[in-house]
1. Among B:472, B:150, B:387, flag the residue with its Cα farthest along the positive direction of the charge dipole of the protein assembly as shown, charges on Cβ as +1 for Lys/Arg and -1 for Asp/Glu.
2. Could you line up A:62, B:146 from fewest to most neighbouring Cβ atoms inside 10 Å?
3. Could you tell me what percent of the DSSP beta bridges with both partners in chain B are antiparallel, to the nearest 5?
4. Please report the relative contact order for chain B, taking Cα pairs under 8 Å with a sequence separation of at least 6, and give it as a percent rounded to a whole number.
5. Rounded, prolate or oblate: pick one for the range B:438-491, where a ≥ b ≥ c are the square roots of the eigenvalues of its C-alpha gyration tensor, a/c under 1.5 means rounded, and failing that, prolate if a/b is larger than b/c, else oblate.
6. Per residue of B:204-212, what is the mean number of Cβ atoms on other protein chains within 10 angstrom of that residue's Cβ?
7. Using a cut-off of 15 Å between beta-carbons, work out the net charge of the residues near residue B:577 (Lys and Arg +1, Asp and Glu -1, residue B:577 not included).
8. With a ≥ b ≥ c the root eigenvalues of the C-alpha gyration tensor of the protein assembly as shown, is it rounded (a/c under 1.5), prolate (a/b larger than b/c) or oblate?
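FYI, it's all coordinate maths here, none of it is from the lab. Remember, it's a predicted structure, so these values are computed and weren't measured experimentally. Here Cβ is always computed from backbone atoms with ideal geometry, including for glycine, and neighbour counts include all displayed protein chains.
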Amino acid sequence: MDFGALLLTLVTFAPLLGAAALLLVKPEQKNALRWVALITALVTFGISLGLLAIFNPADAIRIDLPWLSVAGWNVHYHLALDGLSILLVLLTTLLTPLAILSTWTSVEDRVRQFMAFFLMLETGMLGVFLAQDLFLFYIFWEFTLVPMYFLIGIWGGERRIYAAVKFFLYTMAGSVLMLVALLWLGTQYNTFSLPELIAQRANIPPQAQTWLFLAFALAFAIKVPMWPLHTWLPDAHVEAPTAGSVILAGVLLKMGTYGFLRFNLTLFPQASWEFSPWMALLAIIGILYGALVSYAQTDAKKLVAYSSVSHLGFVMLGLFALNQQGIQGALLQMINHGLSTGALFLMVGMLYERRHTRALDAFGGLWKVIPVFGTLLLIVSLSSVGLPGLNGFIGEFTILLGAAGSDALGNAWNQIVTALGVSFIPMRSAGGLWFAGFAALGVIFAAAYLLQMYQKICLGALKAENQNLKDLSWREIITLLPLLVLIFWIGLYPKPFIDLIAPAINQMLGY
Amino acid sequence: MTTETLIWLLPLPPLAAFALIVLFTNRSKALSHSIAVAAALLSWLGSMAVFIQAIGVEHLGEHPFHSVLEWLPVGDKPFEIGVLVDPLSAVTLFFVGWTVLMIFIYSVGYHNFGQPAGDHDHPGLPPHGATVHGHTVPSVEPMYSRFFAFIALFAFGMYTLVVSDNLLTLFVGWEIMGLCSYLLIGFWFAKPSARAAAIKAFMTTRVGDVFMLMGVAYLYAATGTLSFREIFFNEEVLKHLAETPALGGFLGFSAAGLIGVLLFIGTIGKSAQWPLHVWLPDAMEGPTPVSAMIHAATMVSAGVYMVIRMFPLLSAGWEEGGPLTPAMTAMAFIGALTALFAATIALAQNDIKRVLAYSTISQLGYMIAALGIGAYVAAAFHLVTHAFFKALLFLGSGSVIHGVEHGVLHTGNHKVDPQDMFNMGGLRKKMPVTFWTFLIGGFALSGFPFVTAGFWSKDEILADAFANNLPVFLVLALSALLTAFYTMRQITLTFLGEPRTKEAAHAQETPWTMTLPLVVLSVFAIGYGWVGIPEGLTGGAIPNWFHEFVAGTLPEHLPVLEFNILPMLFSIVIALTGLGCGYYVYRNVKAGDPDPLQKPLGMVYDWLKNKYYFDQLYDRIFIQPSIWVSEVFTTLWVDRGLIDGILHGVARISYSVGGILRNDFDLPVINQFIGDGSAKVVRSAGFELRKVQTGRIQQYMVAAVVFAVGALAFFLLR
């Protein structure tokens, strides 16, 4: 086993080891527990940086060992780090320690279990992004459900049971068909290995492709979540503790979009092409719908939650543009969304810790009393709005370019126009631009709801009960700092990030 | 250092100033403004150096200063960003450098630097004055440093926009300015009106921006580049764009036509053209230097700059004298309409800054209309002169307000609105420098013949319209008449006659930091016109340097318009008539008198006063319905009602099915035979987590596995 393979295993299971180490600490020693968890997460982050250092964008770091061989099913322990997964792995290992840092004073109850679940969750997420064996992927996929379920269910808000159950059932229901589909693939082609299946994808009959595509798509679409399968998300977010929301929005949702990219697009290219306009349509509905609902929210966290529906609509649109720009933009936007929405949730959490409410009406004029908070919230909100110079713009712009120039979408548009026989709306070519155009409306709406949120929290008249709020502590600033640095870095000089992911995407598209 | 390096460096000092002030010096007012002014000075120096180099280069249009850097790898071809200084950006740099520097210096005095802190001042509200030895004196702005940080960031955005060699970085600068505009309009954020105005400005311009972004995306999709030179200096590309039907012939547009219209919508938002003009008057809620810099000299001009920059694309397929392209038609129509429409509203405004705001909208309409009829150089010329004289007027109005505020502090009567011109009068004696410079600015705006810059630039537009497009000429001429009229109304009400209030009688001239910029800007408000005097008038004795130089920006040389004395006579008559009438009507307004126009105009006056009710209309047809769709339709009906309703329905059905299974199958069958023993083990293991167990999860997991196995069996055995 070479060094890279060793690191892969280490990065995946280090959090689990940390979770085990927590058992050695007494439950009363809360600070010790926090430190163990934080150090574990930081070590994991360090290992992922090590992986980045030896990473070659043109080639994957891989480990592939036979694991289970039951009833003709050959399940392998097969992990790989390539251009499609590297940024998401780094995002996961970065957000976890930050989320742990954010719980320092907000989680006082059952710290040991909390940290254990949190680290288990990290292993699950990393496994999802790294697994190259369908069965192994499924195990990790389902594994992430359990700790998240408990994080919401135990440390959540008032309606935590409702939210936790809704989250669990929804995701569970979605993944059942995926399980069927991957078992079918595994038995039919005698392997669960993703690269081997991709090599054989031409042998999958078209009709089977369609069904398999849909089975996988359902699981992923719920996770993303795509409209109209999104209603579990706001409930889960509102009830989840801050750290849970950060990971949920920052990483867990990306498992859905990543799933589309890793499995649907690579295994079923024909079906992807056929379904692309429908997926793009749902994505656009999600963009506009999420934004509209977001605008109506009076709870800051719910507002950010719905904004995720809108933002992930952009990611889906980029993916199903099925071209280089669209997918590059989508992958980058997954990271951007993780950074800015993660930061937004952290900041709403900081507000909640101070005032024990997230109702927008409870605030106003905070820029005056807590200027550092006000400034940082402005930057983070603008990053989410997609202001040029910050990360969100690069992602959205690339996605819009991809959608505007998409053959898949343009072709579908032609077919629709031809089928309808509408000659009075002569818009046959460049149909992708229509998709991009509607999506761009979401950019206007994004400014509306985020600025409204900002205005209600930070501008206007100050209420008496907010007069003595404390500004951000050093710990809180340190929590936000890495995210801010990346928000600017990607916004100002995105080249290094694109260079990491571009070769893998080209390879995937067969360039 | 090469000129290219220098150009790269131009936007950086203000950015560094922004960072330094925010991070380190925000507690020291003197240090903060010194850093900001020094940064503006550095950028100004650099701009002048570049400008001087640029005018020394022969055929700068063909050999501009240009340098690129790889930035965002998109697709096969990496996205390059770069800097470019050609004649158009050179003259723009010139006026941007001057106005920005002057406004930075002015801000020091405007925010009462050196005065004591206010008795009851709060960050987020304008200063209310401090008591010293029993007298009330102006107090220093509580967020002084923050103001300089924001305007420095703004200057960075503007310089970035001007030196960009491509639409993408231009758009970046464009949006950074939009952000600063938002922050600075809402600078006194505790005032609800300022807060609302800030959001209105951001959202309205954002509507335009999104269309512009679509234009950018389409242009990129069609040509694979956003670099100005690669598009404009490539005849094949332009020809191709002009001949390809857009989206297969959408509304009969060519690709170039559609892209042009989309980009122009961006300008409509940024330069506050009808129908997206509503944000600019409200933007006057911001401090006056902001109104001068952002909402007169630079940002709103950037909208016009962009369309001038994109002219080769907007006019692709157009030939001198031929039919206009769709984008040009749109510009001619909207520009002329806006010029007249805003000028009429300005007639009935009493707030000294709002008059100027509408006047700005109107003058920007002039430039747009000029470009629409193909008067490329005239549009650029008016852009430059207008930046000078309008910044001068805004700064002058700020000085006036400041002076009257002084009077307000003196009398202690805070009910007197220091911005209402009907509360002024006779200020010429109290504030001589402000008066004379304001007079120069106002005359330039009215196009007072021969001495003012505004005369020459406006005349060039009118002459072009006279020769090429008579309807546009008539509309613009009428607007020019109104402009002269309301400008003289403003000057008369503010400075002439006798003071109408005690406050005006106690007004005071402002400090040198405020009057010096006025003097400098008034030099340009006069002198800058002389570089663009039509050669036909002087018989070539004075060369029309501006036309010569700026026309070189375009790959094809525009012919100089043949000189015609008729439109020039028109402009002279118009300006003098307007000025004369303005003085005549308003010369005798006494305290408490209504506007002399109110009676003769009747209903129309109410319409004008209320800006044709556009705010109310937009509220009714856009804002209220959007809020309804958002709050009621999507959130309540679809999200919570329909989607969650279905979910809960499904849950209820499965729950009752589960109940039946449990009561009629689980309990009697399973529990009787299997289970109780093993259940105990499970129960103790799950003790910790018991509180969250609902019992349903296990059922569903079992159901999921059963379902999966069943489905798999179905597929395999089929």
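1. Positive-most Cα among the choices belongs to B:150.
2. Numbers: A:62 17, B:146 21.
Placing the least packed residue first, the sequence is A:62, B:146.
3. Percentage antiparallel, nearest 5: 95.
4. Computed over chain B, the figure is 11 percent.
5. On the way: a/c = 4.23, a/b = 1.65, b/c = 2.57.
Judged from the Cα gyration tensor, the range B:438-491 comes out oblate (a/c at least 1.5, b/c at or above a/b).
6. The mean count of partner-chain Cβ atoms within 10 Å per residue comes to 3.
7. Net charge in that neighbourhood comes out at +2.
8. On the way: a/c = 2.26, a/b = 1.73, b/c = 1.31.
Prolate, since a/c reaches 1.5 and a/b exceeds b/c.
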